[in-house]
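Remarks on the structure that follows.
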Amino acid sequence: MKRSEHVQRAWRALHAHQAKTRDTPIRERFATDPTRFARFSLRLDDLLFDYSKNRTTETTLGRLHDLADAVDLATEIRRMFDGAAINVTEDRPAFHVALRNRSERTMKVDGTDVMPQVREVLRRMGDFVARVHDGRWRGYTGRRVTDVVNIGIGGSNLGPSMASEALRPYWIDGLRPHYVANVDGAHLASTLADLDPATTLFCVASKTFTTQETLTNAQSARAWLVGGLGGHLAAVAQHFVALSRNAHEVEAFGIDPCNRFELWDWVGGRYSLWSAIGLSVALVIGMDNFQAMLSGAHDIDEHFRTTPWERNIPVTMALLGVWYTNFWGATSHVVLPYDQRLHRLPAYLQQADMESNGKSVGRDGRRVTHSTGPIVWGEPGTNSQHAFFQLLHQGTHLIPADFITFVEPHHTLAGHHTLLVANCLAQSEALMRGLSEDDVRTGLRAAGLDADEAARLAPHRSFDGNRPSNTLIFHRLDPRTLGRILALYEHKIFVQGVVWGINSFDQWGVELGKSLARTLISELEHTPTPGQHDASTNALVQHFRSHTGAPRT
Ligand code: F6P
């Protein structure tokens, strides 16, 4: 039987299974099976991954594992860890696992072990971090660095800024991180307003060093720095480092080649936190903590690489997502960290997931006929409960959720943490259990309402329930745990890409807008080319020009 026939058969079996099981709500499965939690939860060190509140039976998981076999997931995982060119449209590996390889294993690209280069960059990062911390590295006027500004966008911003926020309890005294991404000058201007050029270090994070937003911000930052330090261009060498693979452009920008930290073409932007792009994080939490984050990710890599599907957490997360996307029609997935420090995690995962799996053409170049990556969104609990949970509970969309929380907080404020965790557990319970109209009516009658009023209100106040979720509980949000969380999601995304037959590692979808913007810059500033755009875009250009004093055309 051909591979595609295997896949189709696995797909059909899942459709049939969905039709057979769809009318049994999750709460009923709990009621009839006291072992459900034990059978549908996994442990990995201190991590408890509970996926029992899903619309699944053992057969569902079995069929999903058949699908994983049919798409030859095991081979694809091996190819990723072997450094094969799995990014087929750019003909290169997606080898971020090498960046955090803590084992003695070689990690080869085109027959060459990349580990010596990876270790050398980590060594250089560690050396630089130590020099900034102990004051051997100083600003142009001899003062110590107090503020680190990372200038970068997309993967060169979202990972570092999210990780810095998440690991705030680990910040080194006397060093504050700042992140500037948006080309909107408001972002840079408001960041610089509170800073002193003499004590500010800029990390220009751009794999390509051609990204317009980043270069524009970096140029303005350089002008601010030089202007603030007596016009001495030589100051740039003490205040700018580059995290990039483009040596030529870095030098052309005026950054000392010795201040460039290398990365490689096999590091995808959204997978680059583990590389030199993470330098700002290493600076604020220290190199040991940065290395602990890499170790956490490596632990998950090993788990992912070596664990059978039944006990493999990222594979299970991925297949559950496939189950809802392709067999229940879910179009979005919500991530709910019950931890304020993870408030940027949903934004980070939006890029990780949607830039990876927002594709409608398969690896074979043909349009896919099934749904692919969901819309990923979220906000920390409990804030989100007072915002969009209404829709999760009573809306018409099926939205699978991930709840993430921790046993131990970093703060010592009495009562807060219990309240936070109670809310987290209550929400997943409420989503799954719901509340019947009968129960609502009984409650309202007991509260003194007459029968008619109780009947009128019951439909509004009842909950269907049967809304699926996973809960991930870790002991504490430390660097290793953050590394584990991110690697779990990275591998989840990879597995889904394999099942959907797409290339999760390119992002051509961002290119068209970028090139149109290049044309529009000159049209907004100079003369528009007649007939270049549609009527709407032409009119918008004219409107802008007429209000900025540019000559009408
Ligand atoms: O626009 C998409 C993208 O290429 C992302 O994938 C990447 O993370 C971001 O731009 C920034 O790219 P660079 O690090 O090269 O500036």
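Got a number for residues in segment 134-145 being within 15 Å of Val241 (Cα to Cα) and either within 33 Å of the chain's Cα centre (by Cα) or in a strand (DSSP E or B) (or both)?
Number satisfying all stated conditions: 3.
Which one is farthest from the chain's Cα centre (by Cα) among residues in segment 179-195 that are closer than 19 Å to Val145 by Cα and open to solvent by less than 60 Å² (accessible area, probe 1.4 Å)?
Per the criteria, the residue is Leu195.
Counting only residues that are open to solvent by 40 Å² or more (accessible area, probe 1.4 Å) and out of contact with any Phe, Trp or Tyr (no Cβ under 6 Å at 6 or more places or on another chain), give me the helices (runs of 4 or more DSSP H) lying completely in segment 445-553 with at least 3 of them.
The helices (runs of 4 or more DSSP H) meeting that bar are 451-461, 511-525, 535-548.
Which residues, taken from segment 244-292, are open to solvent by 40 Å² or more (accessible area, probe 1.4 Å), within 10 Å of the ligand (Cβ to nearest atom) and of a type in the set (A, V, I, L, M)?
Hits for segment 244-292: nothing passes.
Output the residue which, of all residues in segment 141-162 that are within 13 Å of the ligand (Cβ to nearest atom) and surrounded by fewer than 24 Cβ atoms within 10 Å (Cβ to Cβ), is farthest from Gly378 (Cα to Cα).
If we take residues in segment 141-162 being within 13 Å of the ligand (Cβ to nearest atom) and surrounded by fewer than 24 Cβ atoms within 10 Å (Cβ to Cβ), then Ile153 is farthest from Gly378 (Cα to Cα).
Can you pull out the residues in segment 305-334 that are over 18 Å from Thr57 (Cα atoms), within 18 Å of the chain's Cα centre (by Cα) and part of a helix (DSSP H, G or I)?
Pro314
Against the condition touching a Phe, Trp or Tyr at 6+ places or on another chain (Cβ under 7 Å), buried (at least 20 other Cβ atoms within 10 Å of the Cβ), hydrophobic (A, V, I, L, M, F, W, C) and part of a helix (DSSP H, G or I), how does Ala352 come out, does it pass?
So Ala352 passes the test.
Of the residues Gln390, Gln351, only one is within 13 Å of Ile493 (Cα to Cα) and either of a type outside the set (Val, Ile, Thr) or within 17 Å of the chain's Cα centre (by Cα) (or both); which?
That would be Gln351, the only listed residue that is within 13 Å of Ile493 (Cα to Cα) and either of a type outside the set (Val, Ile, Thr) or within 17 Å of the chain's Cα centre (by Cα) (or both).
Test each condition in (1) out of contact with any Cys (no Cβ under 9 Å at 6 or more places or on another chain); (2) of a type in the set (Val, Ile, Thr); (3) open to solvent by less than 30 Å² (accessible area, probe 1.4 Å); (4) touching a residue at least 40 places away in the same chain (Cβ under 8 Å) for Val226 and report the one that comes out false.
(4)
Can you confirm whether Ala297 is under 20 Å from Phe494 (Cα atoms) and either open to solvent by 30 Å² or more (accessible area, probe 1.4 Å) or assigned to a helix (DSSP H, G or I) (or both)?
Yes, satisfied.
Go through (1) in contact with a helix residue (DSSP H, G or I) (Cβ under 8 Å, 6 or more places away or on another chain); (2) farther than 26 Å from Thr216 by Cβ; (3) away from the ligand (no atom under 16 Å from the Cβ); (4) not small (Gly, Ala, Ser) and name the single condition Leu99 misses.
(3)
The values are calculated or read from the model by the stated rules, or taken from the named source; none is laboratory data. Treat the numbers as computed from the prediction; the structure is a model and nothing was measured. Note: ideal-geometry Cβ built from the backbone for every residue, glycine included; neighbour counts use all protein chains shown. Please note that ligands, DNA and RNA were not included when accessible areas were found on the heavy atoms of the full protein model with its side chains. Shrake-Rupley method; radii C 1.70, N 1.55, O 1.52, S 1.80 Å.
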